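Written below as structure tokens is the structure these notes are about.
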Amino acid sequence: MSKSREEIVALVRDTLVNAGSVFREDKKEAYKQAIEKETNEKARWVLETVLKNAETAGRNRTPLCDDTGIPHLVLEIGEDTAVTGGMLDAIKEGVAEGLRRLPGRPMGIMGNARHRLDQSGGLNPDSAGVEPAPILIRRGEENAVRLYILMFGGGPAIRGKTYRVFHRYNTQAVLDEIVKWATEGVEALGCSPCTLAVGIGRSHFEAAAMMLQAQVDGRYDVQSEMEQEVTRRVNEANIGPLGLHGKTSVLATFMKVGPQRASGVRIVCVRPACCFEPRIASVEL
């Protein structure tokens, strides 16, 4: 039975609030395991404080971080389901209501293209003035329409990187470059421990799309051999939580490898998601 516009708006609103305020259970467990292993007293205090903050935010449905983030949406469509323009409008309205309820930090810049670039248009005082990124649509295995909402902060975007890697017909060459970029990004970000989100594709767009989907599909308790290697090697850099050194610079790596072309390069997107990211929740519409 299809849902009404009002039902969709309410579901999307509540899902955005959850994305911005609640840690998933596998992430909580990853923090608990990191705390148990950590021998650096200052680093352990940071891990404990982040987890305590997350538990408080989850109970109160308040933002995990002052940088409440930009909504990024992934829409999964099942075999016998359909998405209408009206549904997309309801999703956008639900996002706006969620930003007001969270509340989101008013970060939207007003004005024309030039004004938005130089910020001369001024800040929109409405939290809902933060427009969501374009929706990514993909085929879902469930016979349903499922929406994932991720809230992307500014720090990881600043420290992330999307560029080409000459693979030299060797997967290890690609992994070495990912480790290099990730180590530099985590060290410069400061808001560690991080979750590394990695996408590999044939174009910058595809690599970024893979990076986004890696966060949707990734789990802290299920890690591939390549993901484990990247995490281990970045942790060996001894950056630690908030740069205070220690065993946990990275909690996990979420990597998604898309189709590849016969060429000498791979396009790689690496996002060092901060200690509160991925901020994600999903709902069936």
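The values are calculated or read from the model by the stated rules, or taken from the named source; none is laboratory data. Predicted, not measured: the structure shown is a model, and the values here were computed from it. Please note: Cβ atoms are built from the backbone with ideal geometry, for glycine as well, and neighbour counts cover all protein chains shown. Accessible surface areas use protein heavy atoms only, side chains included; no ligands, DNA or RNA. Shrake-Rupley method; radii C 1.70, N 1.55, O 1.52, S 1.80 Å.
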Checklist entry - Measuring from label point to label point, each 7 Å out along Cα→Cβ, what is the Glu184 to Glu236 span in nm? => result 2.0 nm
Checklist entry - At His115 and Lys3, where each label point lies 7 Å from the Cα along Cα→Cβ, what is the point-to-point distance in nanometres? => result 3.5 nm
Checklist outcome for this item: Within the set Asn170, Asn60, Asn124, GNM on the chain using Cα springs under 10 Å gives the largest fluctuation to Asn170
Next on the checklist: Assuming a strict under-16 Å limit between Cα atoms, what lysine pair count do you get for the chain once near-sequence pairs (fewer than 8 apart, same chain) are dropped?
Outcome noted: 13
Item to check | Virtual spin-label span in nm between Arg164 and Leu88, 7 Å along Cα→Cβ | outcome: 3.2 nm
Checklist entry - Can you give the charge dipole size of the stretch 44-92 about its Cα centre, rounded to the nearest 20 debye, using +1 on the beta carbon of Lys and Arg and -1 on the beta carbon of Asp and Glu? => result 360 debye
Checklist entry - If you put +1 on each Lys and Arg Cβ and -1 on each Asp and Glu Cβ, how big is the dipole of the stretch 162-205 around its Cα centre, in Debye rounded to 20? => result 240 debye
Checklist outcome for this item: Among Pro106, Val95, Leu64, the residue whose Cα sits farthest towards the positive end of the charge dipole of the stretch 62-124 (+1 at Cβ of Lys and Arg, -1 at Cβ of Asp and Glu, taken about the Cα centre) is Pro106
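Can you pull out the GluC sites (Glu not before Pro) in the stretch 181-281 whose DSSP state is coil and whose Cβ has at most 15 other Cβ atoms within 10 Å?
Listed in order of number, the matching sites are Glu236.
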Checklist entry - Residue farthest toward the positive end of the dipole of the chain, with Cβ of Lys/Arg at +1 and Asp/Glu at -1: which of His204, Met151, Ala273? => result His204
Checklist entry - Tell me, in nm to one decimal, what length is gained between Asn143 and Asp126 on full extension, where the rule is 0.36 nm per residue of separation less the Cα-Cα distance? => result 2.5 nm
Checklist entry - What size of dipole, in debye to the nearest 20, comes out for the chain about its Cα centre when the only charges are +1 on Lys and Arg C-beta atoms and -1 on Asp and Glu C-beta atoms? => result 600 debye
Checklist entry - In whole angstrom, how far apart do the alpha carbon centroids of the stretch 1-52 and the stretch 211-282 sit? => result 17 Å
Next on the checklist: Using Cα springs under 10 Å in a Gaussian network model of the chain, which residue among Pro63, Pro132, Pro259 shows the largest mean-square fluctuation?
Outcome noted: Pro259
Checklist entry - For Tyr169, Tyr220, Tyr31, what's the largest-to-smallest order of accessible area, 1.4 Å probe? => result Tyr169, Tyr220, Tyr31
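Which net charge results for the neighbourhood of Ala43, defined as the other residues with beta-carbon distances under 14 angstrom from its beta-carbon, given Lys and Arg at +1 and Asp and Glu at -1?
Taking every other residue near Ala43 into account, the sum is 0.
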Checklist outcome for this item: Neighbours of Cys65 by Cβ distance under 10 Å: Lys/Arg at +1, Asp/Glu at -1, summed charge -1
